Amino acid sequence: VSAHELLSDSNWTKSKMDLPVLLGKNINGETKLLDLAGAPHLLIAGATGSGKSVCMNMLITSMLFRFKPEELKLIMADPKVVEFLPYSKLPHLIVPVITEAEKVSLALRWAVNEMERRYKLLGAVNVRNLKEFNNRRIPAEPQLDDEGNPIPEKLPFIVVIIDEIADVMLHAQKEVEKNLALI
């Protein structure tokens, strides 16, 4: 199955999902999508040579084809420095691709803090999710958060992608587990 075939399929191009990613085709040849907004954690596992990297690259590619840098931000961790090298110049990256396993826990801690900040912003404008936040009517007077900072008009999706999480867990298991549980 070619990426072009998936990216030109009407199931993909007409999808109304909040954060769609392409999974591939099922046995009947139907293009399968997943709304990542409704699946906060996604684990890709399998034996060597089973297509994990192909799947992960298709997920990333589909997000990049769908979202501009101001709509989607990525944190990518690649402790083996082999999978995410082609993505190192993306404008979607919050930080450069993380190649040191010890630094992944710092990125996850930032993501937890950002998630908590966003919950406060959602509450301040009386909405329940990112879609409602981004589609809300913007008042003429700027709204301020609890700290007196202007509330942004829109917020991007943030997706954290970690390759070889077992390697990361060897270096900071408690911190990584704690932050993953909170996200």
Could you pull out which residues in the stretch 30-55 have an amide N less than 12 Å from a spot 7 Å beyond the Cα of V127, following the Cα-Cβ vector?
none
Directionally averaged shadow of the stretch 78-150, computed from the convex hull of its alpha-carbon atoms, nm²:
6.7
Roughly what % of DSSP beta bridges within the chain run antiparallel, to the nearest 5?
45
Give the whole-number value, in cubic angstrom per residue, of the convex hull volume spanned by the C-alpha atoms of the stretch 23-84.
119
Segment E102-Q143, length gained on full extension (0.36 nm per residue, minus Cα span):
11.0 nm
Okay, helix-only estimate at 222 nm for the chain: each DSSP H run of n ≥ 4 adds -39500 (n - 2.57), divide by all residues, round to 500 deg cm²/dmol; what do you get?
-12000 deg cm²/dmol
Fraction of accessible area attributable to carbon and sulfur, the chain (%, probe 1.4 Å)
55
Residues with amide H under 5 Å of G24's amide H, sequence separation 5 or more or different chain, H placed in the peptide plane at 1.01 Å from N; which?
K32
Which FRET efficiency value, to the nearest 0.05, is calculated for I94 and T48 with the Förster distance at 22 angstrom and r the Cβ-Cβ distance?
0.15
Could you pull out the pairs from K16/K178; K25/K73; K32/K73; K52/K174 whose alpha carbons sit more than 30 Å apart here?
K16/K178
Ignoring ligands and nucleic acids, what accessible area does L155 show with a 1.4 Å probe (Å², nearest 10)?
10
The chain: relative contact order in percent, alpha carbon pairs under 8 Å with at least 6 residues between
20
Is the stretch 51-92 rounded, prolate or oblate when judged by the Cα gyration tensor, a ≥ b ≥ c being the square roots of its eigenvalues, rounded requiring a/c under 1.5 and prolate requiring a/b larger than b/c?
oblate
Per-residue HN-Hα couplings for the stretch 40-51, Karplus 6.51 cos²θ - 1.76 cosθ + 1.60 at θ = phi - 60°, whole Hz, x for Gly and Pro?
x, 10, 9, 10, 10, 9, x, 6, 4, x, 8, x
When N is the residue count of the stretch 1-104, what does its C-alpha Rg come to as a fraction of 2.2 N^0.38 Å?
1.12
Is the chain best put as rounded, prolate or oblate by its Cα gyration tensor, with a ≥ b ≥ c the root eigenvalues, rounded for a/c under 1.5, and otherwise prolate when a/b is larger than b/c, oblate when not?
oblate
Distant alpha-carbon pairs in the stretch 140-183 (separation over 12 angstrom), percent
74
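The values are calculated or read from the model by the stated rules, or taken from the named source; none is laboratory data. Small disclaimer: the values here were computed from a predicted structure and weren't measured. Cβ atoms come from the backbone with ideal geometry, glycine included; neighbour counts cover every protein chain shown. When the accessible area is computed, the model is the full protein with side chains, heavy atoms only, and any ligands, DNA or RNA have been set aside. Shrake-Rupley method; radii C 1.70, N 1.55, O 1.52, S 1.80 Å.
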